[in-house]
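The values are calculated or read from the model by the stated rules, or taken from the named source; none is laboratory data. Being a predicted model, the structure only gives us computed values, none of them experimental. Here Cβ is always computed from backbone atoms with ideal geometry, including for glycine, and neighbour counts include all displayed protein chains. The accessibility values were calculated without ligands, DNA or RNA, using every heavy atom of the protein model including side chains. Shrake-Rupley method; radii C 1.70, N 1.55, O 1.52, S 1.80 Å.
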Amino acid sequence: MVGIVIVSHSQKLAEGVMEVAQMTAANVPIAAAGGLENGELGTSYDKIKNAVESIYTDDGVIVLADIGSAVMTTEMVLEDIELDNVKLVDCPLVEGAVVAAVDSVGGRTLNEIINKLENEM
Amino acid sequence: MIDSKKIIAIIDAAAKKIESEKDFLTQLDNEIGDGDHGINLARGFKSVEEKLATFADKDIGAILKSVGTALVSTVGGASGPLYGTAFMKAGNVCKGKFTLTDEEFAEAFNAAVEGVKMRGKSAEGEKTMLDALCPAYRAFKGGVDGGKTLIPALEDSVNAAMQGVEYTKTIIATKGRAAYLQERSLGHQDPGATSSLYILQAALDVLKKG
């Protein structure tokens with residue numbers, strides 16, 4: 001199954017989006033990377049990297065991010081990380097997470113899900 | 001000519017300047033952003049300062065790369081990946097070098113500015129740090145190409161950055177959090193352009209001391 005990582009400035013928001021996605025797709029491999037190490041608002045390079053690595057399989061991982069530094073920091077993690085098939089997708093965060101989760105559990109491939117998120121939302 | 005020791009001194013001075021100005025930077029960011037620029041950047045530079053002692057025998061490329069990595073790991077806001085990329089790109093240009101000629105310094109400066117443009121998908125005139133950095137780089141490069149030595153060229157560069165900060169008061173933000181405010185961002189100076197000016201001023205102060 002394709003994994004999903006939710007990156008947000010807020011730990012609560014990232015975990016909340018993860019909860020909503022799990023509500024519709026209980027067994028989806030998903031991880032939240034919200035806030036800084038100490039829980040303050042912000043985005044953490046290490047949290048994002050650890051989240052991607054924690055759920056990575058050869059099926060790939062989709063990363064969804066909220067705004068600003070969440071997007072830029074994710075880009076830097078993806079440039080550095082030595083894993084193929086990890087993609088940052090620009091789409092609405094909550095809807096995107098739900099659609100990706102349902103499609104992942106439904107057996108869609110990384111590219112099929114990315115295509116849907118980018119073109120149908 | 002700049003050597004590793006000078007680079008470390010400049011980074012130390014920049015960290016102290018950001019720390020001492022963090023409340024002002026945060027105040028500027030409260031007006032048009034999310035109010036964390038000073039706090040975030042001070043946290044990032046504090047982690048850089050803690051690493052300074054390990055830089056002593058390293059080449060300039062390695063030093064700048066470590067600074068960039070520390071910033072992106074600890075800042076937490078947009079200035080982390082932006083300044084982080086700037087230092088890392090400058091580091092790439094200085095790989096293996098223990099001294100920089102003025103031309104090489106200009107090359108590293110250019111790589112840093114291009115890194116910020118790439119990471120932020122941004123250009124001049126959008127009320128960002130680039131409105132200080134781009135004119136500052138042009139002034140430095142123009143000075144060096146015109147035969148000026150390091151310190152006068154950097155003085156021109158700092159003056160250009162200062163004018164760039166003033167210019168940000170006259171334009172509407174179209175990038176970053178301030179863009180949400182549209183015309184309400186007018187009249188406010190950009191916090192990112194201001195912190196960029198501080199870093200350049202720190203460099204000038206150190207080099208003037210000799």
Discussion item. Between helix B:102-120 and chain B, what is the angle of the helix's C-alpha long axis to the longest principal axis, kept within 0 to 90° and rounded to the nearest 10?
Written reply: 30 degrees
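Can you compute the helix-only [θ] at 222 nm over chain B? Use -39500 (n - 2.57) per DSSP H run of at least 4 residues, normalise by all residues, nearest 500 deg cm²/dmol.
Numbers: 9 runs with 146 residues, N = 210.
Roughly -23000 deg cm²/dmol at 222 nm, from the helical runs in chain B.
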Item to complete: Could you give the C-alpha radius of gyration of the stretch B:138-187 expressed as a fraction of 2.2 N^0.38 Å, taking N as the number of residues it contains?
Response: 1.55
Fill in: When each of B:148/B:169; A:12/B:65; B:17/B:46; A:47/B:46 is checked by Cα-Cα distance, pairs over 23 Å
B:148/B:169; A:12/B:65
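Per residue, how much space in cubic angstrom lies within the convex hull of the C-alpha atoms of the protein assembly as shown? Spell out each step's value before the answer.
Details: hull volume 42.8 nm³, N = 331.
Measuring per residue, one finds 129 Å³ for the Cα hull of the protein assembly as shown.
Within a 10 angstrom radius of each residue's Cβ in A:64-74, how many Cβ atoms of other chains show up on average? Whole number is fine. Intermediate values should be presented prior to the final figure.
Numbers: counts 0, 0, 0, 5, 11, 12, 3, 4, 12, 10, 1.
Averaged over the peptide's residues, the number is 5.
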Discussion item. As a test, work out the antiparallel percent of DSSP beta bridges whose residues both lie in the protein assembly as shown, rounded to the nearest 5.
Written reply: 10 percent
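How large is the dipole of the stretch B:2-209 about the Cα centre if only Lys and Arg carry +1 and Asp and Glu carry -1, each at its Cβ, rounded to the nearest 20 debye? Walk me through the numbers on the way to the answer.
Values: 26 positive and 28 negative charges, 80 e Å.
In total the dipole reaches around 380 debye.
Of the listed peptides A:77-86, B:200-209, A:26-35, what is their order by residue-averaged count of other C-beta atoms within 10 Å, with the highest listed first? Intermediate results must be reported in sequence, preceding the final value.
Numbers: A:77-86: 14.1, B:200-209: 17.8, A:26-35: 20.7.
Taking the mean over residues of other Cβ atoms within 10 Å, the ranking is A:26-35, B:200-209, A:77-86.
Looking only at other chains, what is the average number of their beta-carbon atoms within 10 angstrom of each beta-carbon in A:36-44?
Counting Cβ atoms of other protein chains within 10 Å of each residue's Cβ and averaging gives 5.
Quick one: with all protein chains in place, what share of the accessible area of chain A is carbon or sulfur, to the nearest percent (1.4 Å probe)?
Numbers: 2620 of 5590 Å².
Reported share for carbon and sulfur atoms: 47 percent.
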Worksheet item: For the stretch B:75-92 and the stretch A:79-104, what is the separation of their Cα centres, given in Å?
Response: 24 Å
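Taking every pair of alpha-carbon atoms in the stretch B:2-209, give the share separated by more than 22 Å as a whole percent.
Details: 9269 of 21528 pairs.
Looking at the stretch B:2-209, the distances longer than 22 Å represent 43 percent of pairs.
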Worksheet item: Which angle between 0 and 90 degrees, to the nearest 10, do you get for helix A:110-119 versus the longest principal axis of chain A when only C-alpha atoms count?
Response: 80 degrees
Discussion item. Using the Cα centre of the protein assembly as shown as origin and beta-carbon charges of +1 (Lys, Arg) and -1 (Asp, Glu), tell me which of B:94, A:107, B:118 is placed farthest towards the positive end of the dipole.
Written reply: B:94
Item to complete: With everything on Cα atoms, drop me the angle between helix A:69-80 and the longest principal axis of chain A, reported from 0 to 90° to the nearest 10.
Response: 80 degrees
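For the stretch B:2-209, what's the relative contact order in percent, using C-alpha pairs closer than 8 Å and at least 6 residues apart?
Numbers: 388 pairs, mean separation 46.9, N = 208.
Computed value for the stretch B:2-209: 23 percent relative contact order.
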Discussion item. Along the charge dipole of the protein assembly as shown, pointing to its positive end and built from +1/-1 on Cβ of Lys, Arg, Asp and Glu, which listed residue (A:70, A:21, B:140) has its Cα farthest out?
Written reply: B:140
Worksheet item: Lys/Arg Cβ at +1, Asp/Glu Cβ at -1, dipole of the protein assembly as shown taken about the Cα centre: which of B:202, A:83, B:72 is farthest positive-ward?
Response: B:202
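Under unit Cβ charges (Lys, Arg +1; Asp, Glu -1), what dipole magnitude, rounded to 20 debye, does chain A have relative to its Cα centre? Working shown, then result.
Details: 6 positive and 20 negative charges, 62 e Å.
Taking the Cα centre of chain A as origin, the dipole is about 300 debye.
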Discussion item. Translational diffusion coefficient of chain A at 37 °C, 0.692 mPa s, Stokes-Einstein with Kirkwood Rh over Cα pairs, in µm²/s as a whole number.
Written reply: 240 µm²/s
Fill in: D (Stokes-Einstein, µm²/s), Kirkwood Cα radius, the stretch B:1-55, 0.692 mPa s at 37 °C
277 µm²/s
Worksheet item: Per residue, what accessible area does the stretch A:1-46 have, given a 1.4 Å probe and all protein chains present, in Å²?
Response: 44 Å²
Worksheet item: Which whole-angstrom value gives the distance between the alpha carbon centres of the stretch B:1-71 and the stretch B:147-165?
Response: 20 Å
Worksheet item: Dipole magnitude of the protein assembly as shown about its Cα centre, charges +1 at Lys/Arg Cβ and -1 at Asp/Glu Cβ only, in debye to the nearest 20?
Response: 780 debye
Worksheet entry | Accessible surface of residue B:162 - all protein chains present, 1.4 Å probe, nearest 10 Å² | 80 Å²
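For chains B and A, what's the summed buried accessible area, probe 1.4 Å, to the nearest 100 square angstrom? The partial results should precede the final answer.
Values: alone 9360 and 6210 Å², together 14320 Å².
The summed interface area works out to 1300 Å².
Per residue, how much accessible surface does the stretch B:80-210 expose to a 1.4 Å probe? Answer in Å², no decimals. List each step's numbers first, then the result.
Details: 5490 Å² over 131 residues.
Result: 42 Å² of accessible area for each residue.
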